[in-house]
Amino acid sequence: MPELPEVETTLRGIRPHLEGRRIERLLVREPRLRQPVAADTAERIAGTHILGLERRSKYLLLGLEHGSLLIHLGMSGSLRILDPATPPRRHDHIDLVCTDGPCLRMHDPRRFGLFLWTPQTPLEARATHPLLRHLGPEPLTPEFDGDHLHRIGHTRRIAVKSLIMDASVVVGVGNIYANESLFLAGIHPTCPSNRISLARYRRLAETIRAVLEAAIDQGGTTLRDFLRDDGQPGYFAQSLRVYGRGGQPCRDCATPLRELRIAQRSSVYCPRCQR
């Protein structure tokens, strides 16, 4: 699944090609996504300008003159900037064509993505849209820090890995990045959230931010279904310290890494470095 760094990479790739452009038409080849693309979407957005593009968690928001488009890439989706005349491939479901400009093409083999129009502005959608209003702070903003994690973590008794993967606590910390952040912070993934000190939570918040920023800088993590906006795979996977390396020696202490499952997700950790 494309995670926050992949979505941010996509946003930065498509923004220069779309911002300020006028939408000529919307071509929907397959409306049956996770939620069906409304039949009147093309009529609502034709002729309007794209005022800005932003990200909230793993959602892209295209602010229009009237309302917004809310896009999610689901499990396997991707977006490309193409010449509108480029023949569609299988699973190329949606084309957003700009006047005298490019086409934004949505590719989604599993059809778990979203392409929704809302009458709300991006600011209004962030506060009140059902898909966005319950989300926690962005991990790369000042609203997210160790004090925030400590305050919420000490009201619960759950594995700390589950805490930081809860989108109502902080958005965008997917499984790969949770594994990496906990390793760098020296915290065992099963450690109860209410038994972690403020100092350790502050360290964890710092590592979460650093891991996500590094992944964004390097173009995201290579996953089977994800390619960057330029068609090349991300390569942050080359920097992974623990994820996908169960049984291999820890790069810091050479102790064999162990693997367990927390909330049905693979968790790899070093029994010596993480306490």
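The values are calculated or read from the model by the stated rules, or taken from the named source; none is laboratory data. None of the values given here were measured: they were computed from a predicted structure. Neighbour counts run over all protein chains shown; Cβ positions are idealised from the backbone, glycine included.
Quick one: which of LEU70, LEU79, LEU26 is assigned by TED's automatic domain parsing to the domain that holds LEU11, in contact (Cβ under 8 Å) with a residue 60 or more places away in the chain, crowded, with 21+ Cβ neighbours inside 10 Å and over 17 Å from MET1 (Cα atoms)? Please lay out each step first, then the result.
Numbers: LEU79 fails: over 17 Å from MET1 (Cα atoms); LEU26 fails: crowded, with 21+ Cβ neighbours inside 10 Å.
So the residue among LEU70, LEU79, LEU26 that is assigned by TED's automatic domain parsing to the domain that holds LEU11, in contact (Cβ under 8 Å) with a residue 60 or more places away in the chain, crowded, with 21+ Cβ neighbours inside 10 Å and over 17 Å from MET1 (Cα atoms) is LEU70.
Scanning segment 167-220 for residues that are part of a helix (DSSP H, G or I) and either polar (S, T, N, Q) or not assigned by TED's automatic domain parsing to the domain that holds GLU259 (or both) yields ASN175, ASN179, SER181, SER193, ASN194, THR207.
Quick check on my filter: what residues within segment 172-199 are of a type in the set (S, T, N, Q) and under 20 Å from HIS148 (Cβ atoms)? Passing the criteria: SER181, SER193, ASN194, SER197. The listed residues are THR99, THR48, THR10, THR121, and the only one of them that is polar (S, T, N, Q), touching an Asp or Glu at 6+ places or on another chain (Cβ under 6 Å) and within 29 Å of LEU140 (Cβ to Cβ) turns out to be THR10. Number of residues in segment 163-178 that are more than 15 Å from PRO5 (Cα to Cα) and surrounded by 19 or more Cβ atoms within 10 Å (Cβ to Cβ): the value is 3. Exactly one condition in (1) surrounded by 20 or more Cβ atoms within 10 Å (Cβ to Cβ); (2) at pLDDT below 95 is false for PRO102; which is it? All conditions are met except number (1).
Would you confirm whether or not segment 22-41 contains a residue that is on the phi > 0 side of the Ramachandran plot, touching a strand residue (DSSP E or B) at 6+ places or on another chain (Cβ under 8 Å), part of a loop (DSSP other than H, G, I, E, B) and modelled with pLDDT of 95 or more?
The initial filter retains those residues of segment 22-41 that are on the phi > 0 side of the Ramachandran plot, namely none.
No, every residue in segment 22-41 fails to be on the phi > 0 side of the Ramachandran plot, touching a strand residue (DSSP E or B) at 6+ places or on another chain (Cβ under 8 Å), part of a loop (DSSP other than H, G, I, E, B) and modelled with pLDDT of 95 or more.
When the criteria are applied in full, LEU79 fails the requirement of being part of a strand (DSSP E or B) and in contact with a Phe, Trp or Tyr (Cβ under 8 Å, 6 or more places away or on another chain).
The residues on offer are PRO122, PRO137, and the sole one that is out of contact with any Lys or Arg (no Cβ under 9 Å at 6 or more places or on another chain), over 14 Å from THR207 (Cα atoms) and not aromatic (Phe, Trp, Tyr) is PRO137.
The set of residues in segment 130-153 being more than 18 Å from the chain's Cα centre (by Cα), surrounded by 15 or more Cβ atoms within 10 Å (Cβ to Cβ) and part of a loop (DSSP other than H, G, I, E, B) consists of ASP145 alone.
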